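Below is one structure, written out as structure tokens; comments come after it.
Bear in mind these aren't lab numbers, they're just calculated from the coordinates by the rules spelled out. Since the structure is predicted, the reported quantities are computational estimates derived from the model, not experimental observations.
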Amino acid sequence: MRLLSLSWKPAATARHYHCDPHPLIRVTAMPTDTNPYGRVFGGWLMSQMALAAGSLASRHARGKCVVVAADALRFTGAPKVGDEISVFAELKRQGRSSMTIAVDANARIRDGDREFAVASGDFTFVALDENDRPRELNPSHTERGGAG
């Protein structure tokens, strides 16, 4: 499989490829981001992951993209209020009009350097034209066997 040039994921947490270590999103978890048990709400974390994936998808497609699926979501850690959440995304595969973005989220404790994985998942997007209809992505970026 040919690797595509769009990738933003630290080597320590990368699931698939060698990557640039800069997150697409970095945000501090706040009290309004908690569930009834006082921990960071998984839905909030998933929305941060979807925002990062959407940013990469729109950049890659050079236009509007919408999420059509979220798969293989895993919540592997429990960030606390005050932890800094970093979200990394990478193009995993591309088809004719769709692409799958692999996303990893890490947390860094507020008053230290310890980092740990908190979530991962795959988000599938479809590129849209000016009439909100699926449009073909740049064929020169398409991988064989990608989503379609």
Checklist entry - Whose amide H sits under 5 Å from the amide H of V81, counting only residues 5 or more places off or on another chain, with H placed in the peptide plane? => result V40
Next on the checklist: Under the 0.36 nm per residue contour assumption, what length would be gained going from the current alpha-carbon distance of N131 and K80 to full extension?
Outcome noted: 14.2 nm
Item to check | From phi via Karplus (6.51, -1.76, 1.60), per-residue ³J(HN,Hα) for the range 57-67 in Hz, x at Gly/Pro | outcome: 4, 5, 5, 5, 7, 6, x, 5, 9, 10, 7
Checklist outcome for this item: Between R135 and residues 5 or more places away or on another chain, the pairs with built amide H atoms under 5 Å apart involve A127, L128, D129
Next on the checklist: Please list, in order along the range 107-118, the HN-Hα scalar couplings obtained from phi with the Karplus expression 6.51 cos²θ - 1.76 cosθ + 1.60 (θ = phi - 60°), rounded to whole Hz, x for Gly and Pro.
Outcome noted: 10, 10, 4, 4, 10, x, 9, 5, 10, 8, 6, 10
Checklist entry - Got the relative contact order for the range 7-138 handy, in percent, Cα pairs under 8 Å and 6 or more residues apart? => result 27
